[in-house]
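The values are calculated or read from the model by the stated rules, or taken from the named source; none is laboratory data. Since the structure is predicted, the reported quantities are computational estimates derived from the model, not experimental observations. Cβ: placed from backbone, ideal geometry, glycine included. Neighbour counts: every protein chain shown.
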Amino acid sequence: MASSPPLAADPADVTAGFRGAMRRLASGVAIVVARGDDLPVGMAATSITSLTMDPPAVLLCINQSAGIHPCLSPGCPISVNILSRHQRDVSAAFGGAVPRDRRFEVGQWASDVHDLPALDDAQANLACTIDSMTPFGTHSIVVARVETVRLSDSVEPLIYQDGAYL
Ligand SMILES: Cc1cc2nc3c(=O)[nH]c(=O)nc-3n(C[C@H](O)[C@H](O)[C@H](O)COP(=O)(O)O)c2cc1C
């Protein structure tokens with residue numbers, strides 16, 4: 001198997017190497033939604049991970065500079081919407097291509113048990129409540145308990161890798 005030589009322990013090389021490594025990690029994409037002061041706020045995230053089955057819980061890593069971050073704290077409900085293959089436009093919009101106050105114009109949205117927006121035709125909609133938040137570097141590690149789940153009929157997730165969608 002062809003491979004490049006190991007990178008030197010130069011911090012610049014580690015940064016570039018790490019970025020390259022993460023571009024090679026394929027991930028599903030979710031839209032995370034929280035309650036803002038007046039309107040719901042949402043952003044795209046690939047950092048969603050299954051944490052435990054008992055209790056059902058997920059982990060997300062959210063940049064502290066993201067617009068949603070001030071709306072996240074323990075006890076707050078969030079809506080996690082795992083995107084379907086045909087929802088690239090929703091991912092792009094909530095990834096910053098559309099201004100925050102116009103993002104929910106992209107895609108069809110209904111309401112979940114917490115009265116937060118839940119995306120129609122997503123692969124899955126998870127209604128969650130934040131359990132804990134742990135700062136690490138530029139991000140916060142968010143642990144949320146899953147309270148209700150809605151599933152699509154077929155498994156056709158949107159996958160992000162190397163800065164593009166599969
Ligand atoms: C496919 C994709 C995945 C992303 N995953 C994350 C993520 O896991 N965590 C994060 O903090 N930002 C992630 N981002 C970046 C945010 O979605 C983006 O910065 C967004 O604009 C932040 O919201 P804001 O514009 O309201 O601040 C991702 C963007 C895209 C397009």
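Is it true that some residue in region 101-109 is surrounded by 14 or more Cβ atoms within 10 Å (Cβ to Cβ) and at positive phi?
yes
Looking only at region 106-159, count every residue that is charged (D, E, K, R) and touching a Pro at 6+ places or on another chain (Cβ under 7 Å) and tell me the total. First the steps, then the outcome.
First pass over region 106-159, keeping only residues charged (D, E, K, R): 112, 115, 120-121, 131, 145, 147, 150, 153, 156.
Right, trim to touching a Pro at 6+ places or on another chain (Cβ under 7 Å) and you get 131, 145.
Number satisfying all stated conditions: 2.
Give the residue, chosen from Pro117, Pro99, that is closer than 19 Å to Met43 by Cβ, more than 14 Å from the ligand (Cβ to nearest atom) and modelled with pLDDT of 95 or more.
Answer to the selection: Pro117.
Which condition does Ala66 not pass, out of (1) in a loop (DSSP other than H, G, I, E, B); (2) more than 29 Å from Gly137 (Cα to Cα), if it passes all the others?
Every listed condition holds for Ala66 apart from (2).
Of the residues His86, His114, which single one is closer than 19 Å to Pro157 by Cα and part of a loop (DSSP other than H, G, I, E, B)?
Matching residue, one of His86, His114: His86.
Looking only at region 40-57, which residues are of a type outside the set (Gly, Ala, Ser), in contact (Cβ under 8 Å) with a residue 60 or more places away in the chain and away from the ligand (no atom under 12 Å from the Cβ)?
Leu51, Pro55, Pro56
If you go through region 73-83, how many residues are surrounded by 21 or more Cβ atoms within 10 Å (Cβ to Cβ) and within 11 Å of Val33 (Cα to Cα)?
Qualifying residue count for the region: 4.
Among the candidates Ser91, Ser84, Ser79, single out the residue that is near the ligand (Cβ under 9 Å from one of its atoms), of a type outside the set (A, V, I, L, M) and either modelled with pLDDT of 95 or more or farther than 13 Å from Gly28 by Cα (or both). Outline the logic, then answer.
On the way: Ser84 fails: near the ligand (Cβ under 9 Å from one of its atoms); Ser79 fails: near the ligand (Cβ under 9 Å from one of its atoms).
That would be Ser91, the only listed residue that is near the ligand (Cβ under 9 Å from one of its atoms), of a type outside the set (A, V, I, L, M) and either modelled with pLDDT of 95 or more or farther than 13 Å from Gly28 by Cα (or both).
Collect the residues in region 43-63 that are touching a strand residue (DSSP E or B) at 6+ places or on another chain (Cβ under 8 Å), aliphatic (A, V, I, L, M) and not in a loop (DSSP other than H, G, I, E, B), keeping them in residue-number order.
Met43, Ala44, Ala45, Leu51, Ala57, Val58, Leu59, Leu60, Ile62
Which ones in region 145-164 are touching a residue at least 24 places away in the same chain (Cβ under 8 Å), more than 16 Å from the ligand (Cβ to nearest atom) and either in contact with a Phe, Trp or Tyr (Cβ under 9 Å, 6 or more places away or on another chain) or of a type outside the set (Ser, Thr, Tyr) (or both)?
Filtering region 145-164 down to residues touching a residue at least 24 places away in the same chain (Cβ under 8 Å) leaves 145-152, 155-163.
Those left that are additionally more than 16 Å from the ligand (Cβ to nearest atom): 145-152, 155-156.
Within region 145-164, Arg145, Val146, Glu147, Val149, Arg150, Leu151, Val155, Glu156 qualify.
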